[in-house]
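In what follows, a single structure is set out as structure tokens and then discussed.
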Amino acid sequence: MNITLQDLSKGPVYAQVRQQIETQISNKTVSSGEALPSPAVLAQKLSVDKGEIQRAYFELERSGLITKETSKDFLGQPKITYRVA
């Protein structure tokens, strides 16, 4: 998944991320069932606050484009995975 941010005159970070993911889903650049990077990983890659990515994912989930799955990692800790619907 390739996401590039413009300056803030193009809109808030979460909106830019949401729009680019929506575009990649509609263009079939990312396929159904494919896992998205975790909010923490994507935030670090883009050098932004994790909350911006979480808000973008929340809005994508609310619109039905992605789903959130909760499971447990090997230590029994909760693990959240976001997948393209």
**Item:** Where the Cα pairs of the chain fall when distances are cut into 5 Å bins, in %
**Value:** 3, 15, 25, 26, 18, 8, 3, 1, 0
**Request:** Please give, to one decimal in nm, the separation of the simple spin-label points placed at T29 and D73, each 7 Å out from Cα toward the Cβ.
**Result:** 2.8
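Taking a quarter of the surface of the Cα convex hull of the range 27-66, what do you get in nm²?
On the way: hull surface 12.1 nm².
Here the figure is 3.0 nm², rounded to one decimal.
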**Asked** Does the range 4-48 come out rounded, prolate or oblate by the C-alpha gyration tensor, with a ≥ b ≥ c the root eigenvalues, rounded set by a/c under 1.5 and, if not, prolate when a/b is larger than b/c and oblate if not?
**Response** oblate
**Asked** Counting Lys and Arg as +1 and Asp and Glu as -1, what is the net charge of the other residues whose Cβ lies under 14 Å from the Cβ of E69?
**Response** +1
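Return the carbon/sulfur percentage of the accessible area of the chain, one whole number, probe 1.4 Å, all protein chains in place.
Working: 2710 of 5450 Å².
Reported share for carbon and sulfur atoms: 50 percent.
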**Complete:** For V84, the net charge from surrounding residues (Cβ-Cβ under 13 Å; K, R +1; D, E -1) works out to -1
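So what is the calculated 222 nm ellipticity per residue for the chain, using -39500 (n - 2.57) for each DSSP H run with n of 4 or more, over all residues, to the nearest 500 deg cm²/dmol? Let's see the in-between values first.
Values: 3 runs with 35 residues, N = 85.
Result for the chain, helices only: -12500 deg cm²/dmol.
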**Asked** If one takes the longest principal axis of the Cα atoms in the chain, at what angle in degrees, from 0 to 90 and to the nearest 10, does the Cα axis of helix 50-62 lie?
**Response** 80
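Work through the residues other than V17 whose Cβ is under 15 Å from its Cβ and net out their charges, Lys, Arg +1 and Asp, Glu -1. Provide the component values of the computation, followed by the final result.
Working: positive: K10, R18, K45, K50, R55, R62; negative: D7, E22, D49, E52, E59, E61.
Residues close to V17 contribute a combined charge of 0.
The values are calculated or read from the model by the stated rules, or taken from the named source; none is laboratory data. The structure presented is a predicted model; accordingly, all values stated were derived computationally and were not measured. Counting neighbours? That spans all protein chains shown, and the Cβs are built from the backbone with ideal geometry, glycine included. Each accessible area value is taken on the protein alone, full model and side chains, heavy atoms only, with ligands, DNA and RNA left out. Shrake-Rupley method; radii C 1.70, N 1.55, O 1.52, S 1.80 Å.
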